[in-house]
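Trainee: I'd like to ask some things about the structure below.
The values are calculated or read from the model by the stated rules, or taken from the named source; none is laboratory data. Everything quoted here is computed from the prediction, not taken from an experiment. Positions of Cβ are backbone-derived with ideal geometry, glycine not excepted, and every protein chain shown enters the neighbour counts. Quick note on the areas: whole protein, heavy atoms, side chains included, nothing else; ligands and nucleic acids left out. Shrake-Rupley method; radii C 1.70, N 1.55, O 1.52, S 1.80 Å.
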Amino acid sequence: MNPRLYPLAATVAIFALAWVICAAQFPFMLSTRVVGNLLTDNAYLGIVAVGMTVVILSGGIDLSVGSVIAFSGVFVAVMLRDTGLHPLAVFALLLILTTGFGAAMGLLIHALAMPPFIVTLAGMFLARGAAYMLTIDSVPIDHAFYDFLDDAYYLMPGKGRLTLIGVVMLLTVAFGMIIAHRTRFGASVFALGGGEAAARLMGVKVARTTVAIYAFSGLMAGLSGIVFSIYTSSGYPLATVGTELTAIAAVVIGGTLLTGGAGFVFGTLIGVLTMGLIQTYIVFDGTLSSWWTKIIIGLLLLAFILLQKGLLRLSLARSRT
Amino acid sequence: MLLSIRSLTKTFPGTRALDAVDFDLAAGEVHAFLGENGAGKSTLIKCLTGAYERDAGTILLDGTEVSPRSTAEAQDLGIGTVYQEVNLLPNLSVAQNLTFGREPRRFGMVDPRAQRRQAEAMLEGYGLDIDVSRDLGAYSVAIRQIIAIARAVALSGKILILDEPTASLDSREVETLFGVVRGLRDQGLGIVFVSHFLDQVFDLTDRVTVLRNGQKVTTERTADLDRVRLIEHMLGRTLEGEVSGTAKRHRAGQSWPEMLRFEGFGRRGHVAPFDLTVGKGEVLGLAGLLGSGRTESAELMFGLVPAQTGSAEDQSGTLDLSSPRKAISAGFGFAPEERKTDGIVADLSVRENIVLALQARRGWARPLPRAEQRRLAEDYIRKLDIRTSGPEKPIGELSGGNQQKVVLARWLAMNPRFLILDEPTRGIDVGAHAEILRLIQDVTAQGMSILVISSELDELIAVADRVIVVRDRRHVAEITGAEITTATIVRAIASSDTEVPA
Amino acid sequence: MTLLRRVAPQLLTLVALVALVSFFFPGFLRVEMVDGRLVGPVMDILKRGAPVGLLAVGMTLVIATRGIDLSVGTTMAITGAVAAWSITQGYGLGPALALALLTGVAAGLWNGVLVAVLGIQPIVATLILMTSGRGIAQLVTEGRILTFSHEGLAFFGSGAVLGIPTPAWLWVLTAGGVALLMRRSALGMLIEAVGVNRAASALAGVNATVLLIAVYIASGLCAALAGIVATADIRGADANNAGLWLELDAILAVVIGGNSLLGGRFSIIASVLGALIIQTVDTGILLAGFPSEYNLVIKAALVLIILVVQSPNMSHHWHLLRRSALARRETAMQAAREQGK
Amino acid sequence: QTVGFSQIGSESGWRAAETTLTRQQAEERGIDLKFSDAQQKQENQIAAIRSFIAQGVDAILLAPVVATGWDSVLEEAQEAEIPVVLLDRQVDSDPSLYLTAVGSDLVHEGEVAGQWLVDAVGGKECRVVELQGTTGSSPAIDRKTGFEQGISGADNIEIVRSQTGDFTRAQGKEVMESFLQAEGGGADICALYAHNDDMAVGAIQAIKEAGLKPGEDILIVSIDAVPDIFQAMAAGEANATVELTPNMAGPAFDALAAYMADGTEPEKFIQTESKLYTQDDDPAGEYERRKDLGY
Ligand SMILES: Nc1ncnc2c1ncn2[C@@H]1O[C@H](COP(=O)(O)OP(=O)(O)OP(=O)(O)O)[C@@H](O)[C@H]1O
Ligand SMILES: Nc1ncnc2c1ncn2[C@@H]1O[C@H](COP(=O)(O)OP(=O)(O)OP(=O)(O)O)[C@@H](O)[C@H]1O
Ligand SMILES: [Mg+2]
Ligand SMILES: [Mg+2]
C-alpha cells in the first residue's frame, strides 16, 4: 500500500475496532436504527466538515462555520415566515449569501495577508451577530415543503431510517472527494497546504484559489445550515455554538494534517461517524454525570489520536525495512 | 532575439538587488549567468518569471512586450524554470508535482492513471528509477532536483531557466542533464544556466553574462573567455589559489593522533555498521553516489537518528551520541545539507543565526552579551564575506549562497572538535569557495577535525586527507594520501556494478 | 525607543478607541478617588482586562513557538475551582494559591507533553483539555458555584493597592516581568528560533522539547493567575462559565498586538496592549448602552477594522493606491495640458 | 423500568440541582435513569432521544434547550410508543406529541417580580436597570416580557438600561459595574431586576464595591431562588426572588406512573408554583433547606 494511505487506513481500522467494542457491550449498536441515526444526526456535521477538510488541507482554518450554520437556519426560518418565497428559492439565496461571505473572508485573508484563524474568528462573531439581528427568538418553520423533506426517508429493514439529509451528507462527501482529489482546484488546495511560496512558484493562482477555498467552505456551511434547519424545522441564533471545533476534531480524527497538505475527505466522514459513535456510546451507557461526560469525550478523543499516531508509526517503520 | 530585458531594476528594503540590467537571450543558445553570491542572479530570474514584482524595466519576448505577474503566466508564455531552492511540493506525489497545472483529465476529472503514465514519460531519459506515486518528500534533494528539471523542461516551450540545477548532483547526473539541455538547444530553445561550477559553464554554455552587485558587467562568448578573466569579471579582482581540479593540497606523510573512534556504528534500514577513526586535525571526505547513505552516516554520527549498534569513543571513554544535544556536548558540530529546512532560522537575523548554537550550549540563563554577539557576527561576516546590509538583516532575505555561509559561521563559532559539513559549498561562488576551503585548512591546523560530504570530487580531492567511499548504505572503501584521485574514487564508487553487496 | 516604535500601532488604536467611546459616553476618562481607591471607567478597564491580559502573556509565548493554547479558558475554571475549594476546605490563603498555581502548571505540562513529546498538533492537543477540563472543574465544584467568604482571596479580585485595583497590578507586573525575563535572558531568542524552525533549532542544539513544554507551562501559570482573579472577583468558583471563550479573546489580543500566528518574533507588551484594546471595546459597548443583540456585531466590526488597519499589507495597499492616484492625476494633468495647447 | 433523561447541560447551579433531584426521585421510585448531558446543544438532545428510542426505553424526560424543532423526533418517539414528558421549558410542537409538560410559566415569573417591585416602591419615581439572561434564550425573552407586563401599569417605574449578563455571576458583576458608572455612580438607580439569582449575586458585589448598600440604596429582585440569594437576603442585601423549583421530576414521574398503570392522561401542562420570597420569609432557614440540593 502507498504510505500516503496509511493515515486513512488507521482511521478506518480504529473506527471499526471502536464499533466492535461498542457492539460487544450493547448489541443494539449493530441495528440499522443506530446506523440510520448516526447518518441523520451527523448529517449537518458531515457536510460542514467536508468544507472544513478542504480549508484545512490548504493549511487554513475556518472558525466561522458554526455561526454560519446558525445564521442559515435563522435566515431560512425568517424568510419563510416573513415572505412568500418558496423554500428552494430561499435556499438558493442563502447559498449565494454564505458562499459570498466565505469568498469575502478568503479575499481578506489573501489581500491583507492576515491569518485565517483571525479573519474567520471575526467572521464567526459577525455571522452570529447577524443572526441575532434577524431575530433573537427561535423561529419555527412551518411549510408543507419542509414536512415533505422531513418525511422523506427510506425505512431500512430493522426500522432504521435512511433519511434524506443523511443521503445528502453522503453525496456531499462524495462530491468533496471528487473536488479535493480529482480536480485541478483540489491539487491547488493541496499545493497551498504544502507551502504557499512553493505553490506560487509552481504556478498556483493563489488569490483565486484562496477565495475559492473559503467560498467552498461557506457554501458547505450554508448547505449544512439548510440541513440543520430541516433537521430541527426551525432557526435559532444560539444553535451550533462550537460546531467549528467539533468539525475540526472530526477532520483531524479523519487523518487530515492540521498543518495542511495531507489528508482525505473520506477520512473526514469516518471522523464524523467516530464522533457520533462516541456520543451514542455515552447515551447508551447513560450513567455518566455531566462532568464525566465531558472528561470522557476528551479522553476518547485523545485515545483515538494516539492510537492513530501509534498505528501510523508502526506501519511506517514496517514499510522502511 | 528570443528574449530581451531592458534596464530591469529591483530594490529590496536596504538593498538594490538589480540596477538597470540589460540582458539578451537568443534562440538556440545556452546562456550562462554568473556572479558572486548575492549578485542578483536569482532576483533577475524571479523578476522575469513574475515571482517578484519588478520596480522598472521592460521584458520583450519574441519582440512583443510581456509582463508576467505570476509564475503561472510565465509558464503559459512557455518559460519553464527551476528555482534555486528547489520549489516543489513534498506533500504531493512525484507524478502530481510533474504534471501540476497540466493534469490529464477525463470527464473533467483528473485521471490518475494517465497522470502516472505522463509522469513516467517525463522522467524518461534522466536515469531515475522511482515510484512516481510516492510522495516527493520521500526522495532526496538530488532526486527532487532532477524532478524539478524534468518539470521545467516539459513546461519550457521557448525558454528554460535553470538556477543552480547542478548544486547537489554528481557527475553522472550532470552529464545526463547536459545531454538533455543540448538536445533542447538544438530544438531552438533559449536556455539560461546559472552555476558556480566554472567547468560546467565552459563545458555547456555559448555565452556568458556576468553580474556584480546588481549591475551587468559584461556579456561575452564563452569561447572568447578564459577562466582567470571570467573570475576577474565576477569578483572585480583577481583570485589567487583558486581551487581547481588540478590544484591539490597534499599533506603526505603527515599523521594525525587518533581522537575519535566509531566501532560497528550503524542502524537498520539506514546505514550498515561501520568502523571509522578520526584523527585530530584530519579532514575526512565522504564520497558516493546520490542516496548512497552519506547524509545518513552523518546524521547517525550526530545523533539525529540514534545508532542501534556499535559505539563511539574518545580517549576519555564512550561518548553518548543519542541526540544532537548530546553530540554537541561531546564536541560535535553538523552543518546540514538542506539549509532551508534544517539550517537557517529564516525570520531571525544574521547575528542571531550565527550565535544560535553557541547560545543554546550556554543555556538560556546565560545570554551572550549583546556586544559579544555583534563582534562575532561582524567577525564572520567579514571572514566569510557574507553579503548582507548588516548583521540585523533577517537571514531569509539573503541570497542562497550567503545563507549557506551563515550556517557555516554558526558552527565555526562553536569551535567544535569534530565538525561534519554536508555539501558545505553548495551554491557558493568561486571566491567564497576558495575562502571556505582555506578556512577548513586553518581550523584543522588548530586541531579541529572535519568530515566533508561532497558530490564534487575535485573538492574532496583538494581538501581531504582520507576519503571514505559509501555505496548502498555501506562504507566500502577508504582511500588515503596520494591515492586520492578522481580515478581511484570513481573506481571505488563504480565497482558496485560488478560486486553485489551481501 | 524601538519598543515605542513596535507598539505605536497599538497605542494609536487605543487612543482612537478612547476617543470613539468618549464620543458615545462623555464621562469615559473621568477618574475619581472614592474611599482611597480610584474609580472610573478607565479603572474598570484596567481591572476587567486582567484575565485576558494575563492569558495574553502566556498565549504570546505559545504563539511565538507556532503553537496555540485553546485550553486557557478552561484552565482558568479548573484553577479557580481549586483555589475556591482549598479555601473552603480551610487550607488558608497560601496553600490555596499554591495549589491553584500548581494546577496551572499541571495543565500546562499536560498540553506541553502532548505537543512536544507526543507530537500532537497544538490546536488539537489543547482542544482536548478545553473540552474535558470544564468537566474536571465541575468535578471539583460538584457542579455548583463554590462560594467562599475569605477576604484574603477576595483581595485578588476586588482589592486595591495604592488606590489601583489588585488585578490591574497583577497583569501589569506579570507582563512586565515576563517581558523583561524574555529580553534579559536568551529565552526570547530561543523561543523565537524554535517557533520559526524547530528542526533547525534542534540541530543547533536548542532543547526544543523542553522549551515547548516550558512555554505551555507558562501559559498554564498565566491561566492560573487569571483563574484566581476571576474566582476572587465573584467570591466563588463558577466552573461552567469562568473563562468561557476567553481563549479566543486572548488570541485576538495577541494578534491585535501585531504578533504573527506563524510564530517567531513576539512582543508581550504589544499583546497586553491588544488585551487592553479588546477590553476597551467590551466596556465601551456596555457603557454606550446599545441593545445586547448588537454587542457581537459591533465587536466583530471594530476588531475587523482594527486588524485591517493594522495589517502590514494595508500600508502596502495604501502606498499603491496613493501611487496610482498620483499617476492618474499626472496623466489627467498631462491630458489637460495637451488640450490647452 | 428504564427512563431516559435528556438534560440541557450543567450550565448553572439551578440545573445541577435539577439533575440531582431527578436522580434522587428516580432512585426513590426504583427507576433506572439513563442520563444524557447535551452540553447546551439541541442537536445532541435530538441525537440522545433517538438513541433512547433505539434502546427501547419506557419513557423519556426532556428538558428542551429551545422551544422549536422537536416535531420529527417527538413523532419518532410516538411511533415507538414511548411517552415523553417535558421538564421546565416548553416546546411549540403539537401537544399530542408529548404526554405532559412540567414547568413554571416563565412570563408569569417575570410578572411576579415586576409586581413585587410596583408594590415595593409605592408611587416613587424608580429607574430600573435590568440584567438579561443569555441573548436569545427563552427564559431571557419571557422573563423580560413578564417583568415589563408586571410594571406596565406603573408609570413611575422605568427600565433605563438593559444588557445581557449571560446568566453568570461574573458577567452580572461586570455589567452592573458599567451600569453604575453610566448612572452617576449608582445614585440614579433605584432598583435592579436580574433574570436569575446568579447575576444578582454578582451585581450585589459590584454595588457593595461601589460603596452603596444593595437592598437599601438599590432594590434587588431576581428569579430562581437558589441558596446564595437567600444568604444575601438574610444579610439584607437582596430583597426578593421568585422561586423556580428544581424538582420537576417528581410530578413528572407521578404522571408517568399513573399513565403506565391505567392510561390516565395527565393535564398537558403541570405548572409548578412561582412563589415569591422576600426578606420576611425566613431567608436563613430557606438557605439551610436548600444548600445540600446540589445547587
Ligand atoms: N526577499 C528578499 N528581501 C530582501 N532582500 C533580498 C530578498 N531576496 C534577495 N535579496 C537580496 O538581493 C540581493 C541579490 O540576491 P540574489 O538571491 O538574487 O543573489 P544571487 O545572485 O542569486 O546569489 P547566490 O549565488 O547566493 O544565489 C542579495 O543582496 C539579497 O540579500
Ligand atoms: N535512487 C533512489 N531511489 C529511492 N530512494 C532514494 C534514492 N536515492 C536516495 N534515496 C532516498 O533519499 C534519502 C537520502 O539518502 P542520503 O541523503 O543518505 O544519501 P546521500 O548519499 O547523502 O545522497 P545525497 O547526495 O542525495 O544527499 C535516503 O533515505 C534514500 O531512501
Ligand atoms: Mg541565487
Ligand atoms: Mg546527502
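Trainee: Which of the residues that make up segment D:108-156 are within 14 Å of chain A (Cβ to nearest Cβ) and polar (S, T, N, Q)?
Mentor: Across segment D:108-156, the qualifying residues are D:Gln132, D:Thr134, D:Thr135, D:Ser137, D:Ser138, D:Thr145.
Trainee: Across segment C:41-57, what is the total count of residues that are at pLDDT 90 or above, in contact with a Ser or Thr (Cβ under 7 Å, 6 or more places away or on another chain) and within 9 Å of chain D (Cβ to nearest Cβ)?
Mentor: Residues meeting the conditions: 1.
Trainee: Please return the ranges of strands (runs of 3 or more DSSP E) entirely within segment B:1-103 where 1 or more residues are more than 16 Å from ligand 4 (Cβ to nearest atom) and more than 25 Å from the chain's Cα centre (by Cα).
Mentor: Answer list for segment B:1-103: B:3-12, B:15-25, B:56-61, B:64-66.
Trainee: Residues that are within 16 Å of ligand 4 (Cβ to nearest atom) and among the β-branched types (Val, Ile, Thr): find the helices (runs of 4 or more DSSP H) completely inside segment B:423-502 holding 1 or more of those.
Mentor: Passing ranges, in order: B:486-494.
Trainee: Among what's in segment B:395-425 and is closer than 15 Å to B:Ala167 by Cβ and among the hydrophobic types (A, V, I, L, M, F, W, C), pick the residue that is farthest from ligand 2 (Cβ to nearest atom).
Mentor: B:Val407
Trainee: Counting only residues that are of a type in the set (A, V, I, L, M) and closer than 18 Å to B:Glu263 by Cα, which one in segment B:305-336 is farthest from the other protein chains (Cβ to nearest Cβ)?
Mentor: It comes out as B:Ala312.
Trainee: Under the condition of being of a type in the set (Gly, Ala, Ser) and open to solvent by less than 10 Å² (accessible area, probe 1.4 Å), which residue from segment B:51-76 is nearest to ligand 3 (Cβ to nearest atom)?
Mentor: Within segment B:51-76, the match that is nearest to ligand 3 (Cβ to nearest atom) is B:Ala74.
Trainee: Could you grab me the full set of residues in segment B:347-363 that are part of a helix (DSSP H, G or I), of a type in the set (S, T, N, Q) and under 13 Å from B:Thr388 (Cβ atoms)?
Mentor: Residue satisfying the conditions is B:Asn353 alone.
Trainee: Looking at C:Leu38, C:Leu12, C:Leu4, C:Leu17 in this structure, which one is assigned to a helix (DSSP H, G or I), surrounded by 13 or more Cβ atoms within 10 Å (Cβ to Cβ) and away from chain D (no Cβ under 12 Å)?
Mentor: C:Leu17
Trainee: List pairs: first in segment B:377-394 and touching a residue at least 12 places away in the same chain (Cβ under 8 Å) and farther than 16 Å from B:Arg438 by Cα, second of a type in the set (Val, Ile, Thr) and away from ligand 1 (no atom under 12 Å from the Cβ), Cβ under 7 Å, 6+ apart or cross-chain?
Mentor: B:Ala377/B:Ile354; B:Thr388/B:Ile381; B:Pro391/B:Ile381
Trainee: If you don't mind, another one. In this structure, is A:Ala122 in contact with a His (Cβ under 8 Å, 6 or more places away or on another chain) and facing chain C (nearest Cβ under 8 Å)?
Mentor: Taking the combined requirement at face value, the residue does not satisfy it.
Trainee: Do the conditions hold for B:Ile450, that is, is it away from ligand 1 (no atom under 16 Å from the Cβ), crowded, with 23+ Cβ neighbours inside 10 Å and at pLDDT 90 or above?
Mentor: Yes: the conditions hold for B:Ile450.
Okay, residues lined up against (1) within 10 Å of chain B (Cβ to nearest Cβ); (2) in contact (Cβ under 8 Å) with a residue 12 or more places away in the chain; (3) part of a helix (DSSP H, G or I); (4) in contact with a Gly (Cβ under 7 Å, 6 or more places away or on another chain):
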| site | (1), (2), (3), (4) |
| --- | --- |
| C:Val178 | no, yes, yes, no |
| C:Leu181 | yes, no, yes, no |
| C:Leu190 | yes, yes, yes, no |
| C:Ser201 | yes, no, yes, no |
| C:Leu211 | yes, yes, yes, no |
| C:Tyr216 | no, yes, yes, yes |
| C:Gly220 | no, yes, yes, yes |
| C:Leu225 | no, yes, yes, no |
| C:Ala230 | no, yes, yes, yes |
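Trainee: Please give the helices (runs of 4 or more DSSP H) falling wholly within segment B:112-209 in which 1 or more residues are open to solvent by less than 40 Å² (accessible area, probe 1.4 Å), of a type in the set (Gly, Ala, Ser) and in contact with a strand residue (DSSP E or B) (Cβ under 9 Å, 6 or more places away or on another chain).
Mentor: B:112-123, B:141-155
Trainee: Moving to a separate point now. May I ask you to list the residues in segment B:163-197 that are more than 14 Å from chain A (Cβ to nearest Cβ) and within 16 Å of ligand 3 (Cβ to nearest atom)?
Mentor: Result: B:Glu164, B:Pro165, B:Thr166, B:Ala167, B:Ser168, B:Val192, B:Phe193, B:Val194, B:Ser195, B:His196, B:Phe197.
Trainee: Could you check segment D:153-180 and list, in sequence order, the residues that are open to solvent by 30 Å² or more (accessible area, probe 1.4 Å) and either on the phi > 0 side of the Ramachandran plot or at pLDDT below 90 (or both)?
Mentor: If the condition is that a residue be open to solvent by 30 Å² or more (accessible area, probe 1.4 Å) and either on the phi > 0 side of the Ramachandran plot or at pLDDT below 90 (or both), then D:Gly153, D:Asp155, D:Asp166, D:Phe167 are the ones that fit.
Trainee: Find the residue count for segment A:215-256, including only residues that are aromatic (Phe, Trp, Tyr) and outside any helix (DSSP H, G or I).
Mentor: The qualifying residues number 1.
Trainee: Sticking with this structure for a sec: Go through segment A:123-136 residue by residue and tally those that are free of Cβ contacts under 8 Å to residues at least 40 places away in the same chain and either open to solvent by less than 40 Å² (accessible area, probe 1.4 Å) or not in a helix (DSSP H, G or I) (or both).
Mentor: The total comes to 1.
Trainee: Residue by residue through segment B:342-359, note down the ones that are in contact with a Leu (Cβ under 7 Å, 6 or more places away or on another chain) and at the interface with another protein chain (Cβ under 7 Å from one of its Cβ atoms).
Mentor: If the condition is that a residue be in contact with a Leu (Cβ under 7 Å, 6 or more places away or on another chain) and at the interface with another protein chain (Cβ under 7 Å from one of its Cβ atoms), then B:Asp342, B:Val345, B:Gln359 are the ones that fit.
Trainee: Do we have any residue at all in segment A:107-128 that's touching a Pro at 6+ places or on another chain (Cβ under 9 Å) and under 27 Å from D:Asp71 (Cα atoms)?
Mentor: Yes, segment A:107-128 has at least one match.
Trainee: D:Ser6: at pLDDT below 90 and either more than 10 Å from chain A (Cβ to nearest Cβ) or at negative phi (or both), yes or no?
Mentor: no
Trainee: Sticking with this one: Give the number of residues within segment D:184-235 that are over 17 Å from C:Ile145 (Cα atoms) and at the interface with another protein chain (Cβ under 10 Å from one of its Cβ atoms).
Mentor: Residues in segment D:184-235 being over 17 Å from C:Ile145 (Cα atoms) and at the interface with another protein chain (Cβ under 10 Å from one of its Cβ atoms): 7 in total.
Trainee: Could you give every pair whose Cβ atoms fall below 8 Å, whose first residue belongs to segment B:16-41 and is more than 14 Å from chain A (Cβ to nearest Cβ), and whose second residue is within 10 Å of ligand 3 (Cβ to nearest atom) and assigned to a strand (DSSP E or B), counting only separations of at least 6 or pairs across chains?
Mentor: Sorted first by the residue in segment B:16-41, then by its partner, the pairs are B:Ala32/B:Val194; B:Phe33/B:Val194; B:Leu34/B:Val194; B:Lys41/B:Phe33; B:Lys41/B:Gly35; B:Lys41/B:Asp163; B:Lys41/B:Val194.
Trainee: Considering only residues that are charged (D, E, K, R) and within 16 Å of ligand 3 (Cβ to nearest atom), which ones fall in segment B:1-15?
Mentor: B:Lys10
Trainee: Quick one: B:Ser297 ticks every box in (1) touching a strand residue (DSSP E or B) at 6+ places or on another chain (Cβ under 8 Å); (2) away from ligand 2 (no atom under 16 Å from the Cβ) bar one, so which box is it?
Mentor: Failing condition for B:Ser297: (2).
Trainee: Looking at (1) within 22 Å of the chain's Cα centre (by Cα); (2) within 30 Å of B:Ser171 (Cβ to Cβ); (3) surrounded by 19 or more Cβ atoms within 10 Å (Cβ to Cβ); (4) in contact (Cβ under 8 Å) with a residue 12 or more places away in the chain, which is the only condition B:Val345 fails?
Mentor: Single failed check for B:Val345: (2).
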